[in-house]
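Colleague: Mind having a look at this structure? Questions to follow.
The values are calculated or read from the model by the stated rules, or taken from the named source; none is laboratory data. Please read all numbers here as calculations on a predicted model, not as lab measurements. As a convention, Cβ positions derive from the backbone with ideal geometry for all residues, glycine included, and neighbour counts pool all protein chains shown.
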Amino acid sequence: MRIIRGRVFYRGRLEPLSLGIDEDGRIAAIKKVLRGEEEVDHGEAVILPGCVDLHVHMRDPGLTDKEDFTSGTRSAAIGGVTTVADMPNTRPAVTRPRILEDKISLLRGRACVDYVLYAAPQEARAVASLADAAAFKIYLAESTGGLQVEPGAVPDIVDAAGREKKLVVVHAEDPSMLAREPGRDLRGHSTARPKEAEQKAISSLARVSASARVHVAHATCLEALDAAPRGVTTEVTPHHLFLDWTRPLGAQGKVNPPLRSREDREALWEAFRAGRGDIVASDHAPHTLEEKDGPFEEAPAGVPGVGSSFPLLMRRMRAGDIELQRLVSAMATRPAELLGIRKGSIEVGSDADLLAVDPRRIERITAKRLRAKCDWTPFEGMEGCFPLAVYLRGEPIVEEGEPVADGRGRLLPVSA
Ligand code: DOR
Ligand code: ZN
């Protein structure tokens, strides 16, 4: 048995413990002291469940000048993410079973971490045939990929998803409230796609929230969290928590829904650290520097972030701004629960997806450190705590902070 030792986050607190990992990569024993053929002692470092990122765009197939499945999942691993859920706006977009099956075959053997895939049914009758998708994405407004669903079709799609017992993730902006003219800078972008458009779209989910489990992607502000009807879960992103339109990012900070004001960001952070918002997801959405360097109005929206989310949040934990329990819940346990996968917590029987991090080891976040294919990050120069080691089903995928194994990631079985 392989033994991994350290200060383990187990049942809500940190304790010096040994984890015994069986041949299938599951945690088989949790004890004060365990002996095995192979022992790795992380000493004072903290052992946490690997993060589960419910919202990434790995751009594969079709847009691999921005990212590909190997480069994107490698960056995930560097940042302590051991499972990703990939969005359907790849090319061709995952709207039909044939396209989903092709994407599944194409990605096999190429991921550094485990993964599941979303589909974006455009009509209710497509839903049942997309059984291999772990969850569905519905875009209420146009954003990258042109997958906006006819408003009239939304209730039936959600209903059908409910019958399949699948989570429905919604990009919630009301298209009728978006300005016809695009903004010319970050502030203008926020005005052109205002908070009210988010609020209205999120509240409108009350109509459908009884039919399926509905989840709101990327809530940008407190008002968006407040608008969520009872039973609808919400997600916040590191860019809305740590960046706002006062930053000199130009189009590198352009994202949908937009970065808001400093006051909005601070209120979102306060709410989040107090327990509002179910999960953190990166909405990792890389575009090339060339695309981002053009005129602001024409630049595509989206920022990379899968490798920087955990380091940023861990840094805030070290600073005393957020509880470890809250971090683990929002980045690992809750997202795994929402997807219905056996990940996200350290328990006997769960997959040994783990990270070891020394919170005292603070680094600067750089595109180079993240190995981003797009070669930029909106968090450049900010502080982060990166994991020293990351394990996927008990096998090391990151050692001394560097990726050591590609191709071990698997498509997770979907439980209906
Ligand atoms: O900013 C965004 N970028 N918002 C989205 O909804 C899609 C994403 C992308 O795929 O680039
Ligand atoms: Zn997205």
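Colleague: Mind checking which residues of the range 248-268 are closer than 25 Å to M177 by Cβ and more than 16 Å from ligand 1 (Cβ to nearest atom)?
Modeller: Residues satisfying the conditions are S261, R262, E263, D264, R265, E266, A267, L268.
Colleague: Among the β-branched types (V, I, T), surrounded by fewer than 24 Cβ atoms within 10 Å (Cβ to Cβ), more than 15 Å from ligand 1 (Cβ to nearest atom) and in contact (Cβ under 8 Å) with a residue 12 or more places away in the chain, is that true of V46?
Modeller: Yes; evaluated as a whole, the condition is true for this residue.
Colleague: Further question on the same structure: Restricting to the range 179-236, name every residue that is in contact (Cβ under 8 Å) with a residue 24 or more places away in the chain, among the small types (G, A, S) and assigned to a loop (DSSP other than H, G, I, E, B).
Modeller: G183, S211, A212, A217, A219, A228
Colleague: Right, another one. Would you say L268 is farther than 22 Å from L370 by Cβ and buried (at least 23 other Cβ atoms within 10 Å of the Cβ)?
Modeller: Taking the combined requirement at face value, the residue satisfies it.
Colleague: Give the number of residues within the range 284-339 that are in a loop (DSSP other than H, G, I, E, B) and either modelled with pLDDT of 95 or more or within 16 Å of ligand 2 (Cβ to nearest atom) (or both).
Modeller: Count: 19.
Colleague: Also: I'd like to verify a number: residues in the range 244-283 that are within 16 Å of ligand 2 (Cβ to nearest atom) and of a type outside the set (G, A, S), how many?
Modeller: Matching residues across the range 244-283 total 9.
Colleague: Sticking with this one: Within the range 93-112, is even one residue within 16 Å of ligand 2 (Cβ to nearest atom) and either without any contact (Cβ under 8 Å) to a residue 40 or more places away in the chain or not hydroxyl-bearing (S, T, Y) (or both)?
Modeller: Yes: the range 93-112 contains one or more residues that are within 16 Å of ligand 2 (Cβ to nearest atom) and either without any contact (Cβ under 8 Å) to a residue 40 or more places away in the chain or not hydroxyl-bearing (S, T, Y) (or both).
Colleague: Determine whether the range 72-84 contains at least one residue that is under 21 Å from the mean Cα position of the chain (by Cα), surrounded by fewer than 16 Cβ atoms within 10 Å (Cβ to Cβ) and modelled with pLDDT of 95 or more.
Modeller: no
Colleague: Still on this structure, please answer the following. Quick check, is L54 more than 16 Å from ligand 1 (Cβ to nearest atom) and buried (at least 19 other Cβ atoms within 10 Å of the Cβ)? Walk me through how you get there before you give the answer.
Modeller: Values: more than 16 Å from ligand 1 (Cβ to nearest atom): no; buried (at least 19 other Cβ atoms within 10 Å of the Cβ): yes.
Answer is no for this residue.
Colleague: Looking at (1) part of a helix (DSSP H, G or I); (2) within 25 Å of R318 (Cα to Cα); (3) more than 16 Å from ligand 2 (Cβ to nearest atom), which is the one condition that is false for H240?
Modeller: It fails just one condition, (3).
Colleague: Could you grab me the full set of residues in the range 37-61 that are more than 16 Å from ligand 2 (Cβ to nearest atom), over 14 Å from the mean Cα position of the chain (by Cα) and part of a loop (DSSP other than H, G, I, E, B)?
Modeller: Residues satisfying the conditions are E37, P61.
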